[in-house]
Amino acid sequence: MEKNSSLSLKNHNKKSFLISSADHAKCSLISSWVKNKFGDSVVYTASEQRECFQKILNAPPTVLITDFILSKSNTVQTLDNLIDAPEYKLLPLIVIGVGTQKADYVDAVVTGKVQFIDNLQTEDELSPYLNRAINFASALSPSSYLVKYLNPGDVLIKEGEISNQVYILKKGKLRVYKYVENTELSIGNVNPGEFVGEMAFLNHSERVASVAATEASEVVEIPITIFDQVIFKRPAWSKLLLETMSRRLGAALKR
């Protein structure tokens, strides 16, 4: 993959994280974990409720991470406000070890607005929650394309689905497979810099195979409705598309 192609895959919206806890050591530890995963992100902290809300309003973060052990705060009241208030509708929450009834927030959990972690111990445990939170924020933000984060095993494309997006693998590895008479048949892998899902767009057809992540991965998601315009504006992506199709044609001819 050429250098200029790689540069064109960068997400132009820098991610920011607000970590809110009265435990300064925990804030520092989680901050380091976030920076390890998203090196170019902005991470800032708040130690009490008033400071937390003031920072959200003055410099809205991409993701809020909190354990709600905040001085002078009512946990349930604060959580309800962050979920229901219109000004916070785009803000995903990761709530660590909070002593409240998760069943009361089923709708918010299902949509990805809120995630609960009972007992966070390691950086690896936090990583999939960060991915889902970023995906929630990205899906609601106005953009011609977005970067989507996949955990190992996450299914990106399902065979038989209507195709609404085309993807470019930015980082990680994907596997392509389909089922023939209830038996899974491996078709191949997708490597960084390759398109995936483009055939359904070009053929105006349903997905002919499924695609899943074999490791932590990042993909650029481009809506089919604007795919032509995006490709036209980004010649490097047009070249990637041709290279992807050429490689797959060559592989098919060798079979």
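Dividing the convex hull volume of the alpha carbon atoms of region 76-231 by its residue count gives 140 Å³ per residue. A straight Cα-to-Cα reach below 12 Å connects residue 35 with the aspartates and glutamates 123, residues fewer than 8 places away in its own chain not being considered.
At a 10 angstrom cut-off on C-beta neighbours, averaged per residue, how do the peptides 163-171, 119-127, 85-93 rank from highest to lowest?
Values: 163-171: 20.3, 119-127: 12.8, 85-93: 16.0.
Per-residue mean Cβ counts within 10 Å order the peptides as 163-171, 85-93, 119-127.
Straight-distance candidates among the aspartates and glutamates for linking to residue 178, with alpha-carbon spacing under 20 Å and chain neighbours fewer than 8 residues away dropped: 154, 159, 161, 194, 198, 206, 215. Rounded is the label for region 146-254, because a/c, from the alpha-carbon gyration tensor with a ≥ b ≥ c as root eigenvalues, stays below 1.5. Ordering 241, 188, 225 by Cα displacement along the dipole of region 146-254 toward the positive end leaves 241 in first place; charges were set at the Cβ atoms of Lys, Arg (+1) and Asp, Glu (-1). Shown here is the pair-distance distribution of region 12-140: with all Cα-Cα distances grouped in 10 Å bins from zero up to the longest one, the shares run 12, 50, 35, 2 percent.
For the peptides 216-226, 152-162, the ranking by mean Cβ contacts within 10 Å, running from highest to lowest, is 216-226, 152-162. Here the spin labels are modelled as points 7 Å beyond Cα on the Cα-Cβ line, and at residue 161 and residue 110 they lie 1.9 nm apart.
Among the listed pairs 15/89; 89/148; 55/170, which have their C-alpha atoms separated by more than 23 angstrom in this model? Distance filter (> 23 Å) returns 55/170.
Each reported figure results from applying straightforward, stated rules to the coordinates on display, with no laboratory input. Quick caveat: nothing in here was measured; it's all calculated off a predicted structure. With ideal geometry, Cβ positions are generated from the backbone for all residues, glycine too; neighbour counts draw on all protein chains shown.
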